Structures are given as structure tokens and as C-alpha cells.
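The values are calculated or read from the model by the stated rules, or taken from the named source; none is laboratory data. Predicted, not measured: the structure shown is a model, and the values here were computed from it. Glycine also receives a Cβ, built like all others from the backbone with ideal geometry; neighbour counts cover every protein chain displayed.
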Amino acid sequence: MGEVAGSEVVALYDESGRPCGTAPRARVRAENLRHAATAVVVRNRAGDVYVHRRTDTKDLYPGRYDFCAGGVLRAGEDPTDSARRELAEELGVTGVELVPLGVADYADDRTRMREFLYECTYDGPVTWQQEEVAWGAWVPPARLLRMIDDVPFMPDSMANLAGWLDDLRATLPR
């Protein structure tokens, strides 16, 4: 990554979803500036989902679980390129085809973003970035849905991929 914590320059997005400037990551967090991010659901050919727990040192929602890898878009970065970069950095996942799942907006009192959503299939080794991932495992869909009821997950993933979760739920035997 090569960035000093908080010095990464982030792409800002306006309310209509267009890039409108840049700011250092620390300022984006401190002022809750609207920015862009990516979220990638990583599945293997068996249909399991890679779930991880964020480290307790993350600047946003430390210690939360997530069923997506991703992060903020850097200034001038294409969303798909950002998703590929984040997958490689966070989980060591490379060489995958990203399937777009759409774009959604999320906002709360800690973050405001336009999120570019993807899914990929990957069966290779997963290598965590120690600064970002404290735990991770391949989780069958039924277990993921139970985990969501038991442990705190990232609110943007839960909100922006609610339809994806509903579709996952519909595939399970009743």
C-alpha cells in the first residue's frame, strides 16, 4: 500500500453519484465526507462465501464481520480497478472475473458512500492483510445467514447487498 495511515487521497462523490473532488482519508473520516467504495463478495465453486472479521484497528467499524472485501476508491481510480486492488491487498485474491452487482448508496452517522458492488468466484489460497483482517474462513451460505443474526456485520454490506442476501436465502432448502 505504501500510504501513511490517513494520508491516502480518496475520491469524493456528490449526491448524484459523480466524482466531485478529493480529500485525504483522515479528513473523509473526520468530516464524514461522501466518497466512493467497493464491496466484493468472494465465493468458491462450492458456493461458500469468504467471511472475515476486521481488525480492531480499522478506522471504520473495527472488529465487525464482513462477507465482502473492499475499500475506498483512491483519487482518479476506476471502481473495477479499485475492487481488484482491494481484493489483492485484503485477501490476496487475484486473477478473478468481477461480476458487477450494481451500485448503491449508504449513509449513517459515521460514513457516507456510493458503493460499487461485485461478486467473484475464487478457489485459491487466501492471504490476509494483517492490518485489515483478524480472522477469515469459507462459510456455507446457511452458516453465513446464521452468523448475521449472531455477530455484528458491516452495515453497508448488510444494507447494500440485502437483495443478494435474500437471493442467497431463497436458494437454501426449507
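Residue under question is Asp105, and the condition is that it be under 24 Å from Thr22 (Cβ atoms), surrounded by fewer than 14 Cβ atoms within 10 Å (Cβ to Cβ) and of a type outside the set (Phe, Trp, Tyr); does it hold? So Asp105 does not fit the description; no.
For (1) within 22 Å of Thr127 (Cβ to Cβ); (2) among the hydroxyl-bearing types (Ser, Thr, Tyr), each residue gets a yes or a no:
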residue: Ala30; (1), (2): no, no
residue: Val40; (1), (2): yes, no
residue: Arg53; (1), (2): yes, no
residue: Thr57; (1), (2): yes, yes
residue: Gly63; (1), (2): yes, no
residue: Ala69; (1), (2): yes, no
residue: Glu77; (1), (2): no, no
residue: Thr80; (1), (2): yes, yes
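Within the range 147-174, residues that are loosely packed, with under 15 Cβ neighbours inside 10 Å and β-branched (Val, Ile, Thr) reach partners that are modelled with pLDDT of 95 or more and not in a loop (DSSP other than H, G, I, E, B) with beta carbons closer than 7 Å, at six or more positions or on different chains, in the pairs Val151/Tyr65; Thr171/Pro141.
Yes or no, residue by residue, for (1) over 17 Å from the mean Cα position of the chain (by Cα); (2) modelled with pLDDT under 95:
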{"position": "Gly2", "(1), (2)": "yes, yes"}
{"position": "Val9", "(1), (2)": "yes, no"}
{"position": "Asn32", "(1), (2)": "yes, no"}
{"position": "His35", "(1), (2)": "no, no"}
{"position": "Val40", "(1), (2)": "no, no"}
{"position": "Ala46", "(1), (2)": "yes, no"}
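Do the conditions hold for Trp138, that is, is it in a loop (DSSP other than H, G, I, E, B), touching a residue at least 60 places away in the same chain (Cβ under 8 Å), closer than 22 Å to Arg84 by Cβ and among the aromatic types (Phe, Trp, Tyr)? It is false that Trp138 is in a loop (DSSP other than H, G, I, E, B), touching a residue at least 60 places away in the same chain (Cβ under 8 Å), closer than 22 Å to Arg84 by Cβ and among the aromatic types (Phe, Trp, Tyr). Within the set Met147, Met158, the sole residue that is within 17 Å of Val40 (Cβ to Cβ), not aromatic (Phe, Trp, Tyr) and not in a strand (DSSP E or B) turns out to be Met158. For the criterion of being surrounded by fewer than 15 Cβ atoms within 10 Å (Cβ to Cβ), without any contact (Cβ under 8 Å) to a residue 40 or more places away in the chain and assigned to a loop (DSSP other than H, G, I, E, B), Gly124 passes.
If the condition is being out of contact with any helix residue (DSSP H, G or I) (no Cβ under 8 Å at 6 or more places or on another chain), among the aliphatic types (A, V, I, L, M) and in a helix (DSSP H, G or I), then the range 161-174 contributes Ala162, Ala170. Selection over the range 59-104 of residues that are acidic (Asp, Glu), touching a residue at least 40 places away in the same chain (Cβ under 8 Å) and more than 28 Å from Arg146 (Cβ to Cβ) gives a count of 3. Checked against the criterion of being more than 13 Å from Val72 (Cα to Cα) and among the aliphatic types (A, V, I, L, M), the range 6-29 has no qualifying residue.
Looking at (1) touching a Gly at 6+ places or on another chain (Cβ under 8 Å); (2) at pLDDT 95 or above; (3) closer than 22 Å to Val133 by Cβ, which is the only condition Pro24 fails? Here Pro24 clears every test but (3). So which residues in the range 105-164 are among the aliphatic types (A, V, I, L, M) and under 18 Å from Tyr61 (Cα atoms)? Ala107, Met113, Val133, Ala134, Met147, Ile148, Val151, Met154, Met158, Ala159, Leu161, listed by residue number.
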